[in-house]
Amino acid sequence: MLGFRNRLRAAISASDSYKNDVWRLSTDAGLGRKTVYNILNDCKLDSTQKGPGLFGMARVAELLNTSLDHLAGIAPPAAITASKGKATNSLLEHATETLNAQSAPKRNDELSADRLLRIHAKSGGRIEAFEAYLHRCDQYHPPKKNDSFTKVKAVGEKSLAAITMGSPNTHILQEALEHMQDKELQAKVLDDYRRTIENGTFVSLEALDIPMPNRPVKVKMEFIRVLLSVHDAEGDHTLLNFSFLVI
């Protein structure tokens, strides 16, 4: 996170609205009144791979008319543009589009936990029944007896994992699962996938507060996760993971 505080401080100084009031910036972003102040004065951030919560800092970046990528040190300090009062920060834009797609009642591709479970029941768990929705799901290999982590088969172009990582990169997601620092969480994820193979479906409310696999910031979110065991005409099994944010 080297340089993060300096970039954030510079963005605040360049803001007409917040250069003299980090307290209001913090509350306007939906954070605690002292959160931004504490971040600016936390020298430990300069030597750690962990950082402030992803979505909170995304709101701070939006208010400062900059990008989350710039604050993280992976993009130049180009100001983001606004459309209808909303910033077009790439991560937030993709997240918003996907959340709208998940919740809009009149979209043809409407998808929800209930709809997925109905499709699974009616199709007998055939993967062909989910063809129109695979871009919103991540696919995993069924866990083997001696596996110690889940193994990714494919990442959906508009899945929650792809949005969080910034791209549907199978390698990045696999690296994150293999090298997860929280071994209890790693074991729980694997156990959940094994339960899905046994029962066919598994729905849960999940919460994450971990470093992103490819960016020097943290993922902090709550989401509904729907796991489905499906098979093709040859009988080969795949686990589908459909997750959507709790908002």
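Is segment 197-217 home to any residue that is in a helix (DSSP H, G or I), among the β-branched types (V, I, T) and modelled with pLDDT of 90 or more?
Within segment 197-217, one or more residues are in a helix (DSSP H, G or I), among the β-branched types (V, I, T) and modelled with pLDDT of 90 or more.
Those residues that are farther than 15 Å from L227 by Cα and either in a helix (DSSP H, G or I) or not assigned by TED's automatic domain parsing to the domain that holds D209 (or both), I need them from segment 136-166; list them, please.
A162, I163, T164, M165
Those residues that are surrounded by fewer than 17 Cβ atoms within 10 Å (Cβ to Cβ), assigned to a loop (DSSP other than H, G, I, E, B) and in contact (Cβ under 8 Å) with a residue 24 or more places away in the chain, I need them from segment 16-31; list them, please.
Answer for segment 16-31, where residues must be surrounded by fewer than 17 Cβ atoms within 10 Å (Cβ to Cβ), assigned to a loop (DSSP other than H, G, I, E, B) and in contact (Cβ under 8 Å) with a residue 24 or more places away in the chain: S17, G30.
Say whether the condition of being in contact with a helix residue (DSSP H, G or I) (Cβ under 7 Å, 6 or more places away or on another chain) and either at pLDDT 80 or above or surrounded by fewer than 15 Cβ atoms within 10 Å (Cβ to Cβ) (or both) is met by at least one residue in segment 49-59.
No: segment 49-59 contains no residue that is in contact with a helix residue (DSSP H, G or I) (Cβ under 7 Å, 6 or more places away or on another chain) and either at pLDDT 80 or above or surrounded by fewer than 15 Cβ atoms within 10 Å (Cβ to Cβ) (or both).
Within segment 146-165, how many residues are in contact with a Ser or Thr (Cβ under 7 Å, 6 or more places away or on another chain) and either at pLDDT below 90 or of a type in the set (A, V, I, L, M) (or both)?
Residues flagged as in contact with a Ser or Thr (Cβ under 7 Å, 6 or more places away or on another chain) and either at pLDDT below 90 or of a type in the set (A, V, I, L, M) (or both) within segment 146-165 amount to 5.
With the requirement that a residue be modelled with pLDDT under 80, surrounded by fewer than 19 Cβ atoms within 10 Å (Cβ to Cβ), of a type outside the set (K, R) and not in a loop (DSSP other than H, G, I, E, B), what does segment 37-48 give you?
D46, S47
The values are calculated or read from the model by the stated rules, or taken from the named source; none is laboratory data. Here the structure is a predicted model, which means the values were calculated and not measured. Cβ sites come from the backbone with ideal geometry, for glycine too, and all protein chains shown count toward neighbours.
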